[in-house]
Amino acid sequence: QVQLVESGGGLVQPGGSLRLSCAASGSIPRFAVMGWYRQAPGKQREVVAIIASGGITNYANSVKGRFTISRDNAKNTVYLQMNSLKPEDTAVYYCHIGGGDYWGQGTQVTVSS
């Protein structure tokens, strides 16, 4: 059983920054792709950023240049550094691990003045 625990969400003003963390425990698939997704009210869940075990990353066009995904394989943790946040970034952010389709419980990010 794999458990994902997310932290770091909250309320921030436009232009601000937040750092999300997701710690995984349990039988984590080796070389699994880890990623962050988000779902805004009334919208479908969408991919934000993903990172392979070797460090190759991919980002949604809407966050390129503002968000950075990273991972610590020794700690089974994935991070999402979010800078220059915009109101349209407001959503519930979910951590995901491939290989078994594991999801975190979600953490709310609200960007508002």
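The values are calculated or read from the model by the stated rules, or taken from the named source; none is laboratory data. Every value quoted in this text rests on a predicted model; they were computed, and no experiment measured them. Note that we place each Cβ from the backbone using ideal geometry, even for glycine, and neighbour counts take in every protein chain shown. The accessibility values were calculated without ligands, DNA or RNA, using every heavy atom of the protein model including side chains. Shrake-Rupley method; radii C 1.70, N 1.55, O 1.52, S 1.80 Å.
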Counting only heavy atoms of the protein chains, get the accessible area per residue of the chain (1.4 Å probe) and round it to a whole Å² value. 54 Å²
Relative contact order %, the range 6-113, counting alpha carbon pairs below 8 Å whose residues are six or more apart: 37 percent
Taking Cα centroids, how far is the range 70-113 from the range 1-61 in Å? 3 Å
Please list the non-local residues whose amide H lies under 5 Å from the amide H of residue 48, H modeled 1.01 Å from N, same-chain partners needing a gap of 5 or more. 36, 37, 38
For the range 65-113, averaging the sequence separation of alpha carbon pairs under 8 Å that lie six or more residues apart and dividing by its residue count, the contact order in percent is 29 percent
What's the carbon and sulfur percent of the chain's accessible surface, probe 1.4 angstrom, rounded to a whole number? 48 percent
Radius ratio Rg over Rh of the chain, counting only Cα atoms, Kirkwood formula for Rh: 0.95
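Taking the mean number of other Cβ atoms within 10 Å as a proxy for protection, how do you rank 81-87, 34-40, 20-26 from highest to lowest?
Descending packing order for the listed peptides: 34-40, 20-26, 81-87.
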Sorted by chain and then number, the residues having a modelled amide H within less than 5 Å of the amide H of residue 102, at least 5 places away or on another chain, are 97
